[in-house]
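Step one of this worksheet: look at the structure below.
The values are calculated or read from the model by the stated rules, or taken from the named source; none is laboratory data. Not measured: the values here are computed from a predicted model. Positions of Cβ are backbone-derived with ideal geometry, glycine not excepted, and every protein chain shown enters the neighbour counts. These accessible areas exclude ligands, DNA and RNA; they are computed on the full protein's heavy atoms, side chains included. Shrake-Rupley method; radii C 1.70, N 1.55, O 1.52, S 1.80 Å.
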Amino acid sequence: MPLTTTAEAIRSMEIRGAGRIARAAAGALRDHAEMISTDNFTGFRDGMYQAADLLRSTRPTAVSLPNAIHIVMRDLRTATDATDARNGIIRNAEAFIRSSEAAVRTIGMIGANQIRDGDTILTHCNSEAALACIIEAKKQGKEIEVFATEVRPWNQGRLTIEVLNHHEIPTHFIVDSAVRSFINDVDLAIAGADAISADGSVINKIGTSQIALAAHEARTKMIIAAETYKFAPLSSIGLEIPVEERPGSEVLADEIAQKYPFVRVRNPVFDRTPGTYIDLIVTEEGVIPPEYAPLIIREHLGWRVSDLDSHLFGT
Ligand code: RUB
């Protein structure tokens, strides 16, 4: 797929979900590196930097996107030869895609340990990582039930119920505002993450923080399933993760909104859940409390302030 097609597919949410976005970006960089045929290193590097800028501009919140770009292109800083640079990008992209898929499988195995036979689980949006835990628990023979939210305005919950139904998992489909009414029927809430900040807070689909609040009040366990590349390195130098706000027309059609000149539709598509409302984060490296986020950024992602490179991180 040409780079611009992938970028547009991410922007328009045809490709969505932080893990899928990251793998699509890695694949687009690999294909773009193969396509730029020049032997001139500077020309090749500048072409790749432009590609990275375009991809990074598509969706601002999913940290998986700049992290994937950084991982795929990290050798470009020290490369001097176009062929070596190209081969490095192709190698890194393929390794990233493989390890990202493996991470989801590992998270599923680890996350399933949090689910007991007979549990009822609440999930929100459509997260591969969160669903991997639920599906693995079912595969292990645990009798489970799920509450899945609708997820206005994009209805990602319909994707989730399709997957749950495919795995023959009994599921209750509820509107987002019904969460508190059902929270006492739930043993465990599991959501994914678009970004995890150094302070342990989690940015995920709008409504996640209300679920966490309801879970906290009901003493229901709230866990986040997220690959380590969802942790945000730049948050460790105090940079805020931007929360994407999409057009109001996704919530209320323009022709209806036009009738109400005093009304402005707001459409933030993610929110931040403080770490204090999260019991643990399931990563492919094991379970951690939210306070361990800086450790993942430093020890696992191996990120140092000296890594700061505007082309790779978009600072
Ligand atoms: C998707 C969303 C998902 C996370 C994690 O939002 O909030 O919970 O991206 O998903 P959108 P995954 O539909 O707006 O992209 O675990 O699949 O990476």
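Here are the numbers:
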{"read-out": "The chain: angle of helix 128-139 to the longest principal axis, Cα-based, in degrees nearest 10", "value": "50"}
{"read-out": "In the range 161-220, trypsin sites (Lys or Arg not before Pro) in a DSSP loop with at most 12 other beta-carbon atoms within 10 Å", "value": "R219"}
{"read-out": "Most positive-pole-ward Cα, G238, T149, I169, against dipole of the chain from beta carbon charges", "value": "G238"}
{"read-out": "FRET efficiency estimate (nearest 0.05) - Cβ-Cβ, V251 to R219, R0 35 angstrom", "value": "0.60"}
{"read-out": "Choice from F270, F231, F44 with maximal GNM fluctuation in the chain (Cα, 10 Å cutoff)", "value": "F44"}
{"read-out": "For the chain, built as a Gaussian network whose Cα springs stay under 10 Å, the top-fluctuating residue of H300, H70, H32", "value": "H300"}
{"read-out": "Relative contact order for the chain, counting Cα pairs under 8 Å that sit 6 or more residues apart, in percent", "value": "18"}
{"read-out": "Surface share of carbon and sulfur [accessible, 1.4 angstrom probe, percent] for the range 197-315", "value": "53"}
{"read-out": "Residue-normalised accessible area of the range 201-315, expressed per residue, 1.4 Å probe, Å²", "value": "51"}
{"read-out": "Difference of contour (0.36 nm per residue) and Cα-Cα distance, E101 to V243", "value": "48.6 nm"}
{"read-out": "Approximate spin-label separation M109-S306, in nm, with each point projected 7 Å along Cα-to-Cβ", "value": "3.5"}
{"read-out": "Counting all C-alpha pairs of the chain, share separated by more than 26 Å (%)", "value": "47"}
{"read-out": "Label-point separation in nm, R116 to R152, each point 7 Å along Cα→Cβ", "value": "3.5"}
{"read-out": "Peptide ranges 76-88, 127-139, 254-266 listed from the most packed, as the mean C-beta count within 10 angstrom indicates", "value": "127-139, 76-88, 254-266"}
{"read-out": "Most positive-pole-ward Cα, H300, T78, P60, against dipole of the chain from beta carbon charges", "value": "P60"}
{"read-out": "Normalised contact order of the range 195-315, rounded percent, pairs of Cα under 8 Å and 6 or more residues apart", "value": "38"}
{"read-out": "Sum of -39500 (n - 2.57) over DSSP H runs of 4+, divided by residues of the chain (222 nm, nearest 500)", "value": "-12500 deg cm²/dmol"}
{"read-out": "Gap separating the Cα centres of the range 30-105 and the range 270-292, nearest whole Å", "value": "28"}
{"read-out": "Length released on extending from H166 to S12, taking residue separation times 0.36 nm less the Cα-Cα span", "value": "52.8 nm"}
